[in-house]
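Everything below concerns the one structure shown next.
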Amino acid sequence: MASDAGIPRHVAIVMDGNGRWAKRRFLPRVFGHKAGVDTLVKTVLACADRGIEHLTVFAFSSENWKRPTEEVSFLMGLVLVAVEKYLGRLAARGVRVRVIGDRDQLSERLRQACDQAESNTAHNTRITLWVAFAYGGRWDIVQACRAAMRDGVDPQALDEATLARYLAFGEAPDPDLLIRTGGELRISNFLLWQAAYSELVFTDCLWPDFDDAELDKAIAAYAARDRRFGLVKNAAPAQAAANRAC
Ligand code: FPP
């Protein structure tokens with residue numbers, strides 16, 4: 001069983017299926033992304049209500065730049081609209097927003113919107129929404145290595161804990177539960193380092209249809225998991241002592 005009374009501290013979500021959701025309604029794909037933002041806002045608040053401390057969502061991957069130009073532009077514009085429409089509501093409900101990803105790839109206007117979202121909510125403590133935008137797990141590891149080298153970290157002294165401090169989350173806990181909607185069974189370059197011991201839940205539900213019931217189903221699946229982090233289950237006394245020493 002999960003050791004934290006069944007509620008993960010940190011949930012990460014690959015919000016997949018927006019395009020198919022729109023297609024099923026004979027709408028252009030971008031309508032799915034628009035509906036996806038509404039689902040995201042509801043999901044942040046539902047997570048906060050359940051005592052989840054961190055929610056990380058994959059909003060735009062390093063690979064998404066290869067999508068048709070109109071869709072990329074729409075997604076960029078959607079961030080600006082979402083900040084305008086929802087930031088006040090999220091801030092009032094105790095949500096702290098952090099954006100992780102390669103900001104050098106973003107326009108000045110978008111960088112300002114990210115800065116605004118972060119500074120307007122910096123004092124909030126109820127839940128942190130980490131928006132992964134222009135983000136890729138491989139990019140994160142490379143940028144962390146570069147930053148450590150810039151700081152002059154001695155290669156012999158570089159260990160996992162040191163490198164983790166340079167990764168996008170910094171001191172935040174690793175995700176306990178990683179959910180992917182939309183039916184695909186892969187991680188797609190999301191949180192490659194941080195998801196090493198995350199429990200994975202895949203659902204066929206398309207992201208715009210994700211609701212409280214789907215969230216609760218994923219949490220229930222997580223609560224039923226036996227998290228061992230590479231240790232031995234029901235260890236005999238000698239093994240238990242060795243486990244504790246790890
Ligand atoms: C994957 O669905 C989804 C995305 C690439 C974008 C997800 C973005 C949002 C929900 C909006 C987030 C916006 C803000 C402001 C943070 P897909 O297009 O790959 O769907 P498909 O697999 O059905 O084609």
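Looking at LEU80, LEU75, which one is aliphatic (A, V, I, L, M) and closer than 29 Å to SER198 by Cα? Spell out how you get there, then give the answer.
On the way: LEU80 fails: closer than 29 Å to SER198 by Cα.
Only one candidate passes the filter, namely LEU75.
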(request) State which residue is nearest to the ligand (Cβ to nearest atom) when the search covers only region 19-44 and only residues that are open to solvent by 10 Å² or more (accessible area, probe 1.4 Å) and touching a Pro at 6+ places or on another chain (Cβ under 6 Å). (result) TRP21
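Count, please, the residues in region 99-109 that happen to be in contact with a Gly (Cβ under 9 Å, 6 or more places away or on another chain) and buried (at least 19 other Cβ atoms within 10 Å of the Cβ). Before you say what the answer is, go through the steps one by one.
At the first step, the residues of region 99-109 found to be in contact with a Gly (Cβ under 9 Å, 6 or more places away or on another chain) are 101-102.
Among the residues that remain, those that are also buried (at least 19 other Cβ atoms within 10 Å of the Cβ) are: 101.
Qualifying residue count, region 99-109: 1.
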(message) When you check ARG89 against the structure, is it open to solvent by 20 Å² or more (accessible area, probe 1.4 Å), touching a residue at least 60 places away in the same chain (Cβ under 8 Å) and out of contact with any helix residue (DSSP H, G or I) (no Cβ under 6 Å at 6 or more places or on another chain), yes or no?
(response) no
(request) Sort out for me the strands (runs of 3 or more DSSP E) sitting completely within region 119-231 that have 3 or more residues that are away from the ligand (no atom under 14 Å from the Cβ) and open to solvent by 10 Å² or more (accessible area, probe 1.4 Å). (result) 199-202
(request) Scan region 46-73 for residues that are buried (at least 17 other Cβ atoms within 10 Å of the Cβ) and more than 8 Å from the ligand (Cβ to nearest atom) and jot them down. (result) ALA46, CYS47, ALA48, ILE52, GLU53, HIS54, LEU55, THR56, SER62
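Taking the condition of being among the small types (Gly, Ala, Ser) and touching a strand residue (DSSP E or B) at 6+ places or on another chain (Cβ under 7 Å), how many residues in region 147-182 meet it?
In the first step, residues of region 147-182 are kept if they are among the small types (Gly, Ala, Ser); the result is 147-148, 152, 157, 161, 164, 168, 170, 172, 182.
Restricting the remaining residues to those that are touching a strand residue (DSSP E or B) at 6+ places or on another chain (Cβ under 7 Å) gives 168, 172.
The number of residues fulfilling the criteria is 2.
Is it the case that GLY94 is out of contact with any Gly (no Cβ under 9 Å at 6 or more places or on another chain) and open to solvent by 30 Å² or more (accessible area, probe 1.4 Å)?
Working: out of contact with any Gly (no Cβ under 9 Å at 6 or more places or on another chain): yes; open to solvent by 30 Å² or more (accessible area, probe 1.4 Å): no.
In short, no.
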(request) Mind counting the residues in region 1-18 that are closer than 27 Å to LEU87 by Cα and either open to solvent by 10 Å² or more (accessible area, probe 1.4 Å) or within 14 Å of the ligand (Cβ to nearest atom) (or both)? (result) 9
(message) Pairs please, first residue from region 146-167 and free of Cβ contacts under 8 Å to residues at least 24 places away in the same chain and of a type in the set (Phe, Trp, Tyr), second anywhere and open to solvent by less than 80 Å² (accessible area, probe 1.4 Å) and in a loop (DSSP other than H, G, I, E, B), Cβ atoms under 6 Å, 6+ apart in sequence or on different chains.
(response) none
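The values are calculated or read from the model by the stated rules, or taken from the named source; none is laboratory data. Here the structure is a predicted model, which means the values were calculated and not measured. Cβ atoms come from the backbone with ideal geometry, glycine included; neighbour counts cover every protein chain shown. Calculation scope for accessible area: heavy atoms of the full protein, side chains included, ligands and nucleic acids excluded. Shrake-Rupley method; radii C 1.70, N 1.55, O 1.52, S 1.80 Å.
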